[in-house]
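One structure is given here, and the rest of the page talks about it.
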Amino acid sequence: MSGAVLAMRAVTKRYGLRAAGVVLRGIDLELTRGASVAVTGVSGSGKSTLLNLAGGLDRVTSGTVWLDGADLTALDEGELALQRRKLGLIFQFHHLLRDFTALENVLMPARLQNRPRAAAVAAARDMLDRVGLSGAGHRYPAELSGGEQQRVAVARALAAQPALILADEPTGNLDRAASDAVADLLFGLVAERGAACLLVTHDADLAARAERVLTLRDGALAAGGPA
Ligand SMILES: Nc1ncnc2c1ncn2[C@@H]1O[C@H](COP(=O)(O)OP(=O)(O)OP(=O)(O)O)[C@@H](O)[C@H]1O
Ligand SMILES: [Mg+2]
């Protein structure tokens, strides 16, 4: 799809069979390299659903999603798993591996992709540094605060150089200073590496740093922040 990192066309999503389960009613969205879009909307409006569909983590009811040129709606589970390697996922619940240190957690995607270890360690240290945790690489999740764990999860999502970053409330548990560090990292990588970023947030300061702000309402995307 014309070089877009993410393209969604006429995407609908209904949970279950009843009309009441319709969450998305015709989403059209395109993100090229270097683009960032912030999505706002009230609780239950379908923001997380939108991210899940964009990353092939859930199936559309109708419509099409292209990730870096691949039509996700035409792929089987095995092929989808390969496509998901293009993603950097930052979700509300970050699920660090508790038996691994912060540094090993950040290294995990590179390890799964069999990347050369020395370069991966350097990239992981750089990411931890950029979220303000350069001294915490040897610590286990249980030895980190909730906000520190969240920053490790952000570093992990971004260390593997994703084409598309999907972030659901990435600064949800963080104070202003930590939020700003995460935002600097996020938008810095979008600019430096030409990644694209689709971000869900209630944080007006964070949303304002995105190129476009959209609001999800009645199953559709409209331009601008919350009314
Ligand atoms: N697996 C599911 N099965 C059935 N209904 C679901 C499922 N997941 C979400 N929903 C419903 O779809 C709607 C949208 O949910 P979604 O999680 O996308 O909202 P959201 O905008 O992310 O909300 P929040 O801001 O609270 O995170 C909600 O009404 C929710 O109850
Ligand atoms: Mg949500």
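Taken together, the values in this text are just the output of simple stated rules run on the coordinates, not laboratory data. Every value quoted in this text rests on a predicted model; they were computed, and no experiment measured them. Here Cβ is always computed from backbone atoms with ideal geometry, including for glycine, and neighbour counts include all displayed protein chains.
General observations
- Taking a Cβ cut-off of under 15 Å around I27, the surrounding Lys, Arg, Asp and Glu residues balance to a net charge of +4, with basic ones at +1 and acidic ones at -1.
- Kirkwood Rh, angstrom, the stretch 149-221 [1 / mean 1/r, Cα pairs]: 12.8
- Rg of the Cα atoms in the chain, relative to 2.2 N^0.38 Å, amounts to 1.00.
- Packing around the peptides 60-67, 215-222, 19-26, 105-112, taken as the average count of other Cβ atoms within 10 Å per residue, puts them in this order, highest first: 105-112, 60-67, 215-222, 19-26.
- Amide H contacts under 5 Å for V213, placed H, 5+ residues apart: A38, G224
- Helical contribution to [θ] at 222 nm, DSSP H n ≥ 4, -39,500 (n - 2.57), averaged over the chain, rounded to 500: -10500 deg cm²/dmol
- ³J(HN,Hα) computed for each position of the stretch 10-15 - Karplus, 6.51 cos²θ - 1.76 cosθ + 1.60, integer Hz, glycine/proline x: 6, 7, 10, 9, 10, 8
- Normalised convex hull volume, the stretch 1-120, alpha-carbon set, Å³ per residue: 150
- The angle between the Cα long axis of helix 102-112 and the main principal axis of the chain comes to about 60°, on a 0 to 90 degree scale.
- Calculated from backbone phi, Karplus (6.51, -1.76, 1.60) coupling profile of the stretch 189-196 in Hz, x at Gly/Pro: 5, 4, 6, 5, 10, x, 6, 10
- A177/R33 FRET efficiency (R0 25 Å; Cβ-Cβ; nearest 0.05): 0.25
- Spin-label model, L17 to S134: label points 7 Å out along the Cα-to-beta-carbon direction sit 6.0 nm apart.
- Under the Karplus curve 6.51 cos²θ - 1.76 cosθ + 1.60, θ = phi - 60°, whole-Hz ³J(HN,Hα) for the stretch 155-172, x wherever Gly or Pro sits: 4, 4, 5, 9, 5, 8, 6, x, 6, 10, 9, 10, 10, 10, 6, x, 10, x
- Once backbone amide H atoms are built at 1.01 Å from N, D168 has I90, F91, Q92, V200 as its partners under 5 Å, excluding neighbours fewer than 5 places away on the same chain.
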